[in-house]
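Remarks on the structure that follows.
Throughout, read-outs are computed from the coordinates displayed, never taken from laboratory work. What you see is a predicted model, and the numbers here were worked out from it, not measured in a lab. So basically every Cβ, Gly included, is an ideal-geometry build from the backbone, and we count neighbours across all protein chains shown.
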Amino acid sequence: MALIKCEECGREISDKAAACVGCGAPIVRAAIPGPTRIYYDQGCDAFIGTKALAVKLAVNAIRKIGWRLDSADENTGIVAFTTGVTWASWRGVAGTIAIVDVGENKFRAVGSSQQDETKADKVMETMRVLAS
């Protein structure tokens, strides 16, 4: 806890207080900015940043591989993609990457793909490389 000055009366008050105990003025707090970049922490096997940045990272990984991006939702953390033609499918293999919250500003990518799980694994590995 730290002491700050009330902007109305100048009295020293706790930085945790909702209002000044002297004059009742509400305490205005500056918004704490979130992370502006994302990186991969191998020690905890998680991406450090925001969910929106993790989704953008997944989108960039899919594009770098050369697959089609079907959808990306920063709110839910779901990114869907389709690979090119494979031996198993002329239409390509559909896959999904889910960005899962595992702590404050920590996210894991969890993937699945039809017929061939290695497709989702390739996206997640590319994400790790791009974020390193």
Ranked from fewest to most other Cβ atoms within 10 Å of their own Cβ, S113, S14 fall in the order S14, S113
So in the chain, which Cys have no other cysteine's beta-carbon sitting under 4.7 angstrom from theirs?
C44
Over the chain, what portion of Cα pair distances is larger than 26 Å, expressed as a whole percent?
42 percent
Modelling each spin label as a point 7 Å along the Cα-to-Cβ direction, I'd like the S132/T36 distance in nm, to one decimal.
2.6 nm
Along segment 75-82, what does the Karplus equation 6.51 cos²θ - 1.76 cosθ + 1.60 (θ = phi - 60°) give for ³J(HN,Hα), rounded to whole Hz, x for Gly and Pro?
6, 8, x, 9, 10, 10, 9, 9
For a Förster distance of 22 Å, can you work out the FRET efficiency between the beta-carbons of C44 and D116, rounded to the nearest 0.05?
0.20
³J(HN,Hα) across segment 111-125 via Karplus (A = 6.51, B = -1.76, C = 1.60, θ = phi - 60°), whole Hz, x for Gly/Pro?
x, 8, 8, 5, 6, 8, 5, 5, 5, 5, 4, 5, 5, 5, 5
Tell me the relative contact order for segment 39-131 as a rounded percent, counting alpha carbon contacts under 8 Å between residues six or more apart.
28 percent
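What size of dipole, in debye to the nearest 20, comes out for the chain about its Cα centre when the only charges are +1 on Lys and Arg C-beta atoms and -1 on Asp and Glu C-beta atoms? Walk me through the numbers before you get to the answer.
Working: 16 positive and 15 negative charges, 70 e Å.
Dipole size: approximately 340 debye.
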State the number of lysine pairs found in the chain whose Cα atoms come within less than 23 Å, restricting to pairs 8 or more positions apart or on distinct chains.
12
